[in-house]
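For reference, the structure discussed in these notes is given below.
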Amino acid sequence: MTAPTITSVTINSVNLDLDDVILDVIITHGRGAITDAASPSTLDMRIFATGQITVPYTLGQSVNVKAASTNRFTGYITDMAISHSTTIDGQPPMTIIDVTAVGKLANLSRFYSDTTRPAEDLQARVDAILTSTGLTYAAQADPNYALLEVLAANAVLEEARTQLDVLNDWTGGTLYDKPDGTVVFESYTRRGYNYATATWADMSLDWTNTTLDWISQYAPGSSAPVAVTLPVTAVVWEPRWQATASTIVNEVTVTYGTADPQLDFQDTDATSIAAFGSRAIKITTGLADVGDAANRASLVLTAQASERWTLGGVEILMETLTAPQLTAVMALTSGDRVIVTNLPSPGPIGQFLGVLEGWTETYTIDGYRLTLALSDPRYSYAMLQWDQAGTATWAGVPITTTWSDVILQSDLT
C-alpha cells in the first residue's frame with residue numbers, strides 16, 4: 001500500500017496548508033540505546049514554499065504533526081530559521097522555513113515544587129509531582145516501594161524532572177513523552193502491562209521460548225499481546241549489535257531507612273564477579289525498609305550481572321505493509337516488544353525479543369522510513385551505570401502501558 005504521509009501540521013492551533021508546501025520531517029522518540037539518558041521527543045521540519053509567504057510562527061508555539069491521521073509528535077517550537085532559494089532552471093524561488101521543536105517531557109524542567117512529602121508509596125509521590133505541573137501525564141509506578149517522609153526542615157525547592165529522576169534512581173523507573181504529548185512515568189517492573197509479576201531471573205535464556213515463558217509468569221487473567229508479523233520485504237537490514245562492559249554490575253549496595261547513617265543492604269553475583277571482576281555500585285535511596293532495598297538490589301543484578309546486547313538500525317519500509325500491519329507498527333511506542341527473527345550471521349543471537357527504546361521516523365518526497373532501536377528486555381528492571389567504567393549515564397527508558405509484539409523477519413542468513 002502507499003506509505004503514510006503527513007496529513008496535518010498544526011502550529012499554534014492553525015493548520016498549515018499542505019497543498020502549498022513541500023515538507024521534510026524527521027521525528028525522534030525515546031533514545032538510541034539503553035545507556036542513553038531519557039530525553040524529550042524532537043521534531044526537525046523543513047517547509048518549502050514557493051513565492052513570498054508570511055511566517056506566522058514564533059518560538060514557544062505549540063506544534064502537532066499527524067501522519068495517516070495518527071499523532072506522530074506533540075510539542076513546542078524551540079528554534080527557527082528562514083532562508084530563500086534563487087530561481088534555478090526556470091523553477092520559481094522558494095522560501096525555506098526550518099522549525100525545530102521538542103516534546104512535552106522538556107516541560108518538566110520548568111516546574112518547581114517543595115520536596116516536603118509524607119511517608120507514602122511510589123505511586124502517590126509520582127502522582128503528586130506530576131499533578132503539580134499541570135501536564136497531561138500517565139504514571140504506572142511499582143506498588144512495592146514505600147518511601148520515607150521528607151521533613152520540611154530537609155526539603156528544597158526542586159524542579160519536577162530532578163525529583164522524578166531521583167525516584168527513577170531509587171526504584172528503577174523511566175520518563176518519556178508520547179506522540180500525543182502525554183508525559184509518562186513508569187517503573188521498569190510495570191513496563192508493558194499495567195502490572196508485572198514476572199521475574200526475568202526465572203526466564204529461560206532460550207530466546208525461542210522467551211515469549212511463552214514471559215506469559216506463563218503472569219497471574220491468571222492477564223492478557224498477552226497478539227504478535228504482528230512483518231514480511232521480509234518490509235525490513236531493511238543494517239542491524240548494529242552492541243554490548244558494553246560499562247553496564248555490568250555484580251555488587252550492589254542499597255541504603256534505606258531513617259537511621260543516621262542509613263542502613264545498607266548488599267547483594268552480589270559470584271558468577272559475574274568471577275567472569276568480569278568486581279563491578280560495584282551504591283544506590284543511596286529514600287526507601288523505607290529492608291525488603292524494598294533487597295528488591296531493588298536483586299533487580300539490578302538480574303538486569304546487569306551478565307552481558308546484554310542492544311540492536312539498532314532496524315529500518316521498516318512502511319509502504320510495503322498491509323493496512324493492519326501499518327496500523328500495528330504505527331501504534332508502537334517506547335517500551336513495546338519487537339521480536340526480530342532470522343537475523344544475519346554472524347551475530348550474538350539468531351532471534352531477538354527486544355524492547356523498543358526509541359525510534360526515528362523520516363518523511364520526505366521519497367517516502368516514509370521508521371527505524372527502531374531495541375534492547376534486551378532483562379535490562380528493563382534496573383539500569384544503572386557501573387561507576388568505574390565509561391562515562392555514559394542514563395535516566396530511564398521510555399515506556400508505555402500496553403505491550404505489543406511485532407515479529408520482524410529477515411531473509412539474510
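The values are calculated or read from the model by the stated rules, or taken from the named source; none is laboratory data. Nothing here was measured: the structure is a model prediction, and the numbers come from that model. Glycine gets a Cβ as well: all are built from the backbone with ideal geometry, and neighbour counts include every protein chain shown. For accessibility, only protein heavy atoms count, side chains too; no ligands or nucleic acids. Shrake-Rupley method; radii C 1.70, N 1.55, O 1.52, S 1.80 Å.
Check residue 231 against each of (1) at pLDDT below 90; (2) surrounded by 13 or more Cβ atoms within 10 Å (Cβ to Cβ); (3) within 24 Å of the chain's Cα centre (by Cα) and name the one condition it does not meet.
Looking at each condition in turn, residue 231 falls short on (3).
Which condition number in (1) under 27 Å from residue 164 (Cβ atoms); (2) in a strand (DSSP E or B); (3) small (Gly, Ala, Ser) is the one that residue 313 fails?
Of the numbered conditions (1) under 27 Å from residue 164 (Cβ atoms); (2) in a strand (DSSP E or B); (3) small (Gly, Ala, Ser), the odd one out for residue 313 is (1).
If you go through the stretch 102-122, how many residues are more than 16 Å from residue 183 (Cα to Cα) and part of a strand (DSSP E or B)?
Here the count works out to 6.
For residue 35, indicate whether it is in contact with a helix residue (DSSP H, G or I) (Cβ under 9 Å, 6 or more places away or on another chain) and among the hydroxyl-bearing types (Ser, Thr, Tyr).
Yes.
Given the condition among the aromatic types (Phe, Trp, Tyr), surrounded by fewer than 18 Cβ atoms within 10 Å (Cβ to Cβ) and either touching a residue at least 40 places away in the same chain (Cβ under 8 Å) or within 26 Å of residue 72 (Cα to Cα) (or both), answer yes or no: does some residue in the stretch 128-137 qualify?
No, the conditions are met nowhere in the stretch 128-137.
For residue 40, are the conditions met, namely being touching a helix residue (DSSP H, G or I) at 6+ places or on another chain (Cβ under 8 Å), in a loop (DSSP other than H, G, I, E, B), crowded, with 16+ Cβ neighbours inside 10 Å and modelled with pLDDT of 90 or more?
Taking the combined requirement at face value, the residue satisfies it.
Looking only at the stretch 246-267, how many residues end up being closer than 15 Å to residue 146 by Cα and open to solvent by 60 Å² or more (accessible area, probe 1.4 Å)?
So the count comes out to 1.
Quick one: count up the residues across the stretch 238-263 that are among the aliphatic types (A, V, I, L, M) and either within 20 Å of the chain's Cα centre (by Cα) or not in a loop (DSSP other than H, G, I, E, B) (or both).
Number satisfying all stated conditions: 5.
Of all residues being part of a loop (DSSP other than H, G, I, E, B) and modelled with pLDDT of 90 or more in the stretch 168-192, which is surrounded by the fewest Cβ atoms within 10 Å (Cβ to Cβ)? Just the residue, please.
Once the filter is applied, the top-ranked residue is 180.
When you scan the stretch 320-376 for strands (runs of 3 or more DSSP E) that lie fully inside it, which ones turn up with 2 or more residues that are open to solvent by 10 Å² or more (accessible area, probe 1.4 Å) and modelled with pLDDT of 80 or more?
By residue number, 352-364, 367-375.
Do we find that residue 104 is touching a Gly at 6+ places or on another chain (Cβ under 8 Å), in contact (Cβ under 8 Å) with a residue 40 or more places away in the chain and basic (Lys, Arg) in this structure?
Considered against the rule, which asks whether it is touching a Gly at 6+ places or on another chain (Cβ under 8 Å), in contact (Cβ under 8 Å) with a residue 40 or more places away in the chain and basic (Lys, Arg), residue 104 comes out as yes.
When the residues of the stretch 268-281 are filtered to those that are surrounded by 14 or more Cβ atoms within 10 Å (Cβ to Cβ) and free of Cβ contacts under 8 Å to residues at least 60 places away in the same chain, which remaining residue is nearest to residue 306 (Cα to Cα)?
It comes out as 272.
Exactly one of (1) among the β-branched types (Val, Ile, Thr); (2) closer than 29 Å to residue 322 by Cα; (3) at pLDDT 85 or above; (4) not in a strand (DSSP E or B) is unmet by residue 9. Its number?
Condition not satisfied by residue 9: (4).
Being of a type in the set (A, V, I, L, M) and over 30 Å from residue 271 (Cα atoms) is the filter; apply it to the stretch 307-319 and report the residue that is surrounded by the most Cβ atoms within 10 Å (Cβ to Cβ).
Within the stretch 307-319, the match that is surrounded by the most Cβ atoms within 10 Å (Cβ to Cβ) is 314.
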